[in-house]
Amino acid sequence: MSKSIVLLPGDGIGVEVIHEAEKLIDCICDLYGVEIKTEKHLVGGASLDASDIPVKDEVIEACKKADAVLLGAVGGPKWDNNPPEKRPEKALLRLRKDLGLYNNLRPVTVFSSLKNASPLRPEVVDGVDLLVVRELTGGLYFGQPKEIIEKDGEEVGIDTMTYTVTEIERIAIAAFEAAKGRSKKVTSVDKANILASSQLWRKTVTRIAEQYPEIELEHMLVDNCAMQLIRNPSQFDVILTENMFGDILSDEAAMLTGSIGMLPSASLGDGTGMYEPVHGSAPDIAGKNMANPLATLASTALMFRYSLDEESIASDIEAAIAKVLNAGYNCMDMSRHARKVLSTSEMGEKIIETLKDIHAA
Ligand code: NAD
């Protein structure tokens, strides 16, 4: 059966890394006999330049109809002084909200050949293979009221941290389901010693855990988790947490690998899933064929796994990435840890060549 994908290259290196993903998808169609239709749309700064809006309604509609969305990155200095409604990042928030993407998955794997790239000692990060499951549409970022008011003669900024049982249940189920196919441990991170929303979070996660007796559940306070990620990161398998804690902890966890150009993400809801590299549009290297496309190619693997129901293609792409890295190839951002430094397009081609070998074997 034919699948459809919307490609949103965005700005800066987003365009270059999505081009490599497109080549990979074309190769997969030939190699595995799957039929995938792709359509490409403008988003972020590119959309602002063309239509004076970060993302058009028709693009949102196309994304809703597709099986998956693959996004590059948005933003750049050209639009930095735009008013809030005309910022490229507005496109991301709108996509997350309109597609109902409440479940953000960020796998963090330290490849053994790259353990020296981490800012931590190699023996601390060796074997790290964790997954951050972050709630993406609730908590402090969306709770109301959210405003700056005038009170007792001065300005007061207000944000509201709210979570409903339904919101906690669905993200907890996502985390336990993910843990089933991994090392079967969930660490639920909260601030239950202080926050009411965290107390409800802990109570609800504990109840959901009863449906998963094979999965070990531990609760950890967010401040302790921030410390443990540096002290002993390999103790973690799945980290389940709310929106803001997840925003901060997933960036901390990402840096365990020492690279931003290799980290993928998936954002899932009840409809179309969206896949994107963790990095931004990197204006400093845009257009120079220097960007590392691996985060986007690994996001493409997640897309085959979660939205296209093609687990074997997903694991073949991941095996190709691991094989290329372990053979000593990498891009400019990891040049100190590579025996051979490749450009964006050379890395894309190397992954395709290796995938063909894996498929033929
Ligand atoms: P960035 O991730 O774009 O770049 C940070 C540094 O990492 C830069 O030195 C860059 O060259 C390097 N880098 C990033 N990705 C790389 C890759 N694939 N290969 C090699 N090197 C890579 O973050 P920034 O500089 O803070 O932001 C630049 C723009 O991107 C801003 O406009 C920001 O708003 C936007 N941004 C977008 C997203 C997104 O679209 N999801 C995320 C973060 C930042």
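Computed from the coordinates by the stated procedures, all read-outs in this text should not be read as laboratory data. None of the values given here were measured: they were computed from a predicted structure. Heads up, the Cβs are rebuilt from the backbone with ideal geometry, glycines too, and the neighbour counts pull from every protein chain shown.
To the nearest 20 debye, what is the magnitude of the charge dipole of segment 119-257 about its Cα centre, counting +1 on the Cβ of each Lys and Arg and -1 on the Cβ of each Asp and Glu? Write out the running numbers ahead of the final one.
Working: 14 positive and 24 negative charges, 109 e Å.
Computed charge dipole of segment 119-257: roughly 520 debye.
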Discussion item. What is the distance in Å between the Cα centroid of segment 75-89 and that of segment 270-318?
Written reply: 24
Worksheet item: Who wins for biggest fluctuation among Asp316, Asp57, Asp152 in a Gaussian network model of the chain, springs between alpha carbons below 10 Å?
Response: Asp152
Worksheet entry | Positive-pole candidate from Leu200, Ile351, Ser234, dipole of the chain, charges at beta carbon | Ser234
Fill in: Cα→Cβ-extended label distance, 7 Å offset, between Asp57 and Asp159, nm
3.1
Worksheet, complete the sentence: At the level of C-alpha centres, the distance separating segment 14-47 and segment 131-207, in angstrom, is 34
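Beyond 20 Å, what percent of the Cα pairs of segment 119-257 remain? Working shown, then result.
Values: 4672 of 9591 pairs.
Cα-Cα pairs of segment 119-257 separated by over 20 Å account for 49 percent.
Can you give the extra length, in nm with one decimal, that the chain gains between Lys203 and Arg339 once fully stretched, where that is 0.36 nm per residue apart less the Cα-Cα distance?
Values: separation 136, 0.36 × 136 = 48.96 nm, distance 5.00 nm.
Contour length minus the Cα-Cα distance gives 44.0 nm.
About the Cα centre of segment 204-332, how large is the charge dipole given +1 on each Lys and Arg Cβ and -1 on each Asp and Glu Cβ? Please answer in debye to the nearest 20.
Numbers: 5 positive and 18 negative charges, 110 e Å.
Magnitude of the dipole: close to 520 debye.
What FRET efficiency comes out for Thr166 versus Ala196 if R0 is 22 angstrom and r is the Cβ-Cβ distance? Round to the nearest 0.05.
Values: r = 17 Å, r/R0 = 0.76.
E between Thr166 and Ala196, to the nearest 0.05, is 0.85.
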Discussion item. What distance in nm separates the two pseudo spin-label positions at Ala327 and Asp284, each 7 Å out from Cα along the beta-carbon direction?
Written reply: 3.0
Worksheet item: Using only Cα atoms, what is the ratio of the radius of gyration of segment 259-322 to 2.2 N^0.38 Å?
Response: 1.19
Worksheet entry | Members of Lys3/Lys86; Lys78/Lys288; Lys64/Lys203; Lys37/Lys356 lying beyond 25 Å, as alpha-carbon distances in this model show | Lys3/Lys86; Lys64/Lys203
Practice prompt. Sticking with the crude label model, points 7 Å out along Cα→Cβ, report the distance from Arg231 to Lys64 in nm, one decimal please.
Written response: 4.8
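Taking R0 as 45 Å, what FRET efficiency do you get between Ile149 and Gln211 from their Cβ-Cβ distance, rounded to the nearest 0.05? List each step's numbers first, then the result.
On the way: r = 43 Å, r/R0 = 0.95.
Calculated value: 0.60.
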Practice prompt. Give me the number: length gained by fully extending Met255 to Glu218, i.e. 0.36 nm times residue separation minus the C-alpha to C-alpha distance, one decimal in nm.
Written response: 11.0 nm
Fill in: Interatomic Cα distance distribution for segment 202-361, bins of 10 angstrom, percent
9, 30, 35, 20, 6, 0
Worksheet, complete the sentence: Scoring the chain by relative contact order with C-alpha pairs under 8 Å, at least six apart, yields a percentage of 21
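What ratio of Cα Rg to 2.2 N^0.38 Å holds for the chain?
Numbers: Rg = 20.4 Å, N = 361, 2.2 N^0.38 = 20.6 Å.
Dividing the Cα radius of gyration by 2.2 N^0.38 Å gives 0.99.
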Worksheet entry | Helix-only mean residue ellipticity at 222 nm for the chain, each DSSP H run of n ≥ 4 adding -39500 (n - 2.57), per residue, nearest 500 | -12500 deg cm²/dmol
Fill in: Base-10 log of normalised Debye intensity for segment 186-249 (one unit scatterer per alpha-carbon) at q = 0.13, 0.14 Å⁻¹
-0.33, -0.38
Discussion item. With a 10 Å cut-off between alpha carbons and a GNM built on the chain, which of Ile194, Ile60, Ile313 moves the most?
Written reply: Ile194
